[in-house]
Amino acid sequence: MTASDVSLEADDRGGAGSLQETFSPSDPTNTTGDYLIVTLLSTGLAQIKANQVRRDTDRGVVSTRQLSRPELLPAPWRAGFTRLWWRFLQAGLVPPEDDLTLFELCRAPFVEWDLPLELSDTDREASLLDGDELSELAREAAKLGVRDAEADFVEEQSFAVLKAVAAMNATTDEQAQANYELLRRFLIDHTVISDKQVRDLMRRFPAPGASGQPYVQSLIDTAYERHHSPAPTVTVRCCGGCGNPLAVDSTSCGTAGCTGTATTRELRVFDAYFVQHRGVRRYIHDAGLLEVRLYDTLRAELSERVVFLQPWPGRDAFDLLVAFLDPADPDPRRPVEVWGADGKDHASPSLLAIGFRWKHNPRCDRRFLVLPMHRVRQLGYVRDLETELEGRDNGVKVIDEEEFVRRVIARARQIGGGA
């Protein structure tokens, strides 16, 4: 694990106080705050791991140490331990006696804890640690433990530079939006790129930064790690399904819902190739697989005279705007109806609901939270999500990706008179 693999930097900016508005309960014995306990512990674990990696990196060594008690425990961990301690006492149980005991407890699924935390059925089967690495649930919980939901070390910088490059190479807001769509799609489509592709990108987006070089180079430097190649051809192993790079001895990418098998790609290079940082792959590329699948499927089924599709409207207000056009006047500025879709692929349905907020600009007549099929097929996932969403954002319909596509096509044909 590297410092960029977790959703926060190694300080206390994701402390207990920053979570109160999300989870609301102030009484540490209140069971409705059990997700606050999970999030505080996850945030603390992420900061502990990041601190360990940072110290080892400063000494110029690769970290192979097991998770252990550091010299100074982060504030989120201390706050989470305190709340958990009260919950054990409230239940008439003996609390964990020290931090090392709690570390070991974090390796066990919640269903095996003596204390039955008030979590969804889906989440009770999960643990916070998978060996010495954060579990998928813990990574998602840690993302709620920072003030900005996109404050991951690499992810935050990549989004900021992406938006800056899009704006710098545009003279109108429409051009900036189009540039954003192209760059965002590039990050989703390309986990490994050649220096030749980088040069093509620099020609496409030539606006210079402070150094005088095209500022899009900063996006590459932020989102990718450069590797030198003495040969003009580089062979990389990657997943044939999602495109994620694979280690030499790996046969599976581990990406949620992906069933692809190992394959190889050849890159023609001048002297270097670039591999996406794990933070960008996890939070931009992997999350974007559902987003682009929705767009590509609908675009293949419906012509531009029937529906106007805009990915990431407002530079990421949500994931897909679908505007149904009037057959007599197919102008996207005067649609008959507008739907919005936000695709979400999270391990925890409850944490998804807790962190979910719909941005109401652009305005939509109907709003959908779209799930990938592998999440819908998980027993109890949709039920837990809808239960936790109740009262949080009325008017958002939870739907799977296949049903969403079917409804869009049916509505387009209805407006078009069955065409």
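No lab work stands behind these numbers, since they all come straight from the coordinates. Everything numeric here is computed off the predicted structure, so don't read it as measured data. Cβ coordinates were reconstructed from backbone atoms using ideal geometry, including for glycine residues, and neighbour counts include every protein chain displayed.
For the peptides 280-290, 79-89, the ranking by mean Cβ contacts within 10 Å, running from highest to lowest, is 280-290, 79-89.
FRET efficiency for the D329 to T82 pair, using the beta carbon distance and R₀ = 56 Å, is estimated at 0.35.
For the pair Q414 and A317, the difference between a 0.36 nm per residue extended length and the Cα-Cα distance amounts to 32.2 nm.
Global size of the range 283-415: 14.7, 45 Å for Rg and Dmax (C-alpha atoms, Rg to one decimal, Dmax whole). Protection proxy ranking, highest mean first, for peptides 388-399, 308-319: 308-319, 388-399, where packing is the per-residue count of other beta-carbon atoms within 10 Å, averaged. Approximating the spin labels as points 7 Å out from Cα along Cα→Cβ, the E402-to-E125 distance works out to 2.0 nm.
Working note: Karplus 6.51/-1.76/1.60 with θ = phi - 60° gives the range 315-320 the couplings 6, 5, 5, 8, 8, 8 Hz, where Gly and Pro are set to x. Peptides 183-196, 361-374, ordered by how many other C-beta atoms sit within 10 Å of their residues on average, highest first, read 183-196, 361-374.
Taking 22 Å as the straight-line reach from the Cα of K344, the lysines in range (excluding those fewer than 8 positions away in the same chain) are K143, K163, K359, K397.
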